[in-house]
Amino acid sequence: MEENLGKQIFETLKKAQRVLIALPRHLSADAFSAGLGLALFLEKMEKEVLLVSVSESPSELKFLPGREKLKSGIPKGRSLVVKLDTSKKQLEEISYQKNENRVDIFLKAKNGEMFSEGDLSFFEDKAPLDVIVTVGAVSLESLGKVFEDNPDLFFETVKINIDNQPGNEYFGSINLVDLVAVSLAEVVHTLMEEFESEFLDEDIATCLLAGIITQTNSFQHSRTSPAVFVKASRLIDLGGRQQEVIRHLYKTKPLSRLKLWGRALARLQINEARSLAYSVLGQEDFEKSGSDRQEVVFVLKDLAESLSASKAVAIIANPDSGEISLFLAVHPEVNLQQLSSGLDEISSLGAGPAQFKLFLAKFNNSSLEEVEKKLLTALEK
């Protein structure tokens, strides 16, 4: 990371009082961990922080400290400001009276003078945010309704864009896009360590450590460099609770997940021509297993680990009457550009087992059969 860029980011954050941290609508464990760690860090700097995403926090990270800070949207509440010119007449008293269908506001000037209509003006107060930090968002649109419902706020406010994806659109006022970093938690940790390391504590270290471990699949991913191990070691030295992270991520598998895994295995199809293994799960599968959409990525990881000879492993899921999700694990040999063009919008979910990378695509107006056809077409040789 460029020293001047990091310095610019922290100079901006130091001057700010209220900071919004916006996470993408397809929320990965890495993005949530990095965003939460940053929120805790900024609170230690005595900033007011709002952490938002339209997605819920990943179920496997419910143990992280401060997880309840994540909100689903930006609170409304802009105010109409009444501006009174007191350059010629001084204000002595202000009062108001509530009536059935109106409120009367009384402005009394000093020395027996009276304010006129010309002394008043009106304007809409902007949302009191000084800085917006996006973590893991390739574009403003990838934030979903957080951006769609507040476009003016995003265009009018200084934005710090933190990401590690090559498709990033560099939409920020300041752009920290580290294409070498394997995880967002790694990027955020580097930023903290270089400029304000004294605020790092056990809870922040645990959040960042969880992001690195999930994104590297417990350091088994092929892109895991020695530098990542060094960062993880520093986080553990700071009090990062490695055993707690490992226990929650890899040692506990709820019965609902095991049932869903069994149903996915029972419906597994092998397409040798495309080196693809996939399963289609409908509403009945989720109802009978007692599981939800968030369990699917864990089942996918287990299947991919067992089917490592395949170039792609997928689960097409329709847990409810809403959108259909395609969870996909792909080998580095797969042409990601061709895959992306065949599946419309596709977002990264980080590293999977072996050399697999995990992705998610969502479809609002398609059937399970139509999504299955799109998957097969996208993986045609």
Enter the Cα centre distance for the pair the stretch 225-257 and the stretch 295-317, rounded to the nearest angstrom. 22 Å
What list of ³J(HN,Hα) values in whole Hz, one per residue of the stretch 104-121 in order, does the Karplus curve 6.51 cos²θ - 1.76 cosθ + 1.60 (θ = phi - 60°) give from phi, with Gly and Pro shown as x? 9, 10, 10, 10, 9, 8, 6, 6, x, 7, 9, 6, 10, 4, x, 7, 10, 9
Hey, can you grab everything whose amide H is under 5 Å from the amide H of Ile21? Only 5+ residues off in sequence or another chain; H modelled, so Pro and N-termini drop out. Leu50, Leu51, Val52, Val133
Fewest to most Cβ atoms within 10 Å: Asp85, Asp178 sort as Asp85, Asp178
If you stretched the chain out fully between Asn364 and Asp85, how much longer would it get, using 0.36 nm times the residue separation minus the C-alpha to C-alpha distance? 95.1 nm
What is the diffusion coefficient of the stretch 153-257 in µm²/s, taking the Kirkwood radius over Cα pairs and the Stokes-Einstein relation at 10 °C with a viscosity of 1.306 mPa s? 105 µm²/s
Considering only Thr86, Gly66, Gln269, whose Cα is most displaced toward the positive end of the charge dipole of the chain, charges sitting on Cβ of Lys, Arg (+1) and Asp, Glu (-1)? Gln269
Need one number: % antiparallel among DSSP beta bridges in the chain, to the nearest 5. 55 percent
Karplus 3J(HN,Hα) series, Hz, for the stretch 133-145 with 6.51 cos²θ - 1.76 cosθ + 1.60 (x for Gly, Pro): 10, 9, 10, x, 9, 6, 7, 5, 5, 6, 7, x, 5
So what is the calculated 222 nm ellipticity per residue for the chain, using -39500 (n - 2.57) for each DSSP H run with n of 4 or more, over all residues, to the nearest 500 deg cm²/dmol? -10000 deg cm²/dmol
I want to verify a result. In a Gaussian network model of the chain, Cα cutoff 10 Å, which of these has the top mean-square fluctuation: Thr206, Thr216, Thr190? Thr190
Largest fluctuation, Val313, Val334, Val82 only, Gaussian network model of the chain with Cα springs under 10 angstrom, belongs to Val82
Please label the shape of the stretch 80-124 as rounded, prolate or oblate, based on the square roots a ≥ b ≥ c of the eigenvalues of the alpha-carbon gyration tensor (a/c under 1.5 means rounded; beyond that, a/b larger than b/c means prolate, else oblate). oblate
Give me the lysines in straight-line cross-link reach of Lys259: C-alpha distance below 22 Å, same-chain residues under 8 apart excluded. Lys62, Lys251, Lys288, Lys301
Remind me, what semi-axes does the stretch 217-288 give for its equivalent ellipsoid, largest first in whole Å, using sqrt of 5 times each Cα gyration tensor eigenvalue? 35, 20, 7
Calculating Cα extents along the principal axes in Å from this structure picks out, from (1) 91, 48, 37; (2) 166, 50, 43; (3) 71, 50, 37, entry (1)
Do any of Lys76/Lys253; Lys76/Lys362; Lys44/Lys98; Lys98/Lys145 go past 32 Å between their Cα atoms, and which? Lys76/Lys253; Lys44/Lys98; Lys98/Lys145
Only four residue types carry charge here, +1 at the Cβ of Lys and Arg and -1 at the Cβ of Asp and Glu. Report the dipole size of the chain about the Cα centre in Debye, rounded to the nearest 20. 760 debye
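Bear in mind these aren't lab numbers, they're just calculated from the coordinates by the rules spelled out. A quick note: this is a predicted structure, and the numbers were derived from the prediction, not measured. With ideal geometry, Cβ positions are generated from the backbone for all residues, glycine too; neighbour counts draw on all protein chains shown.
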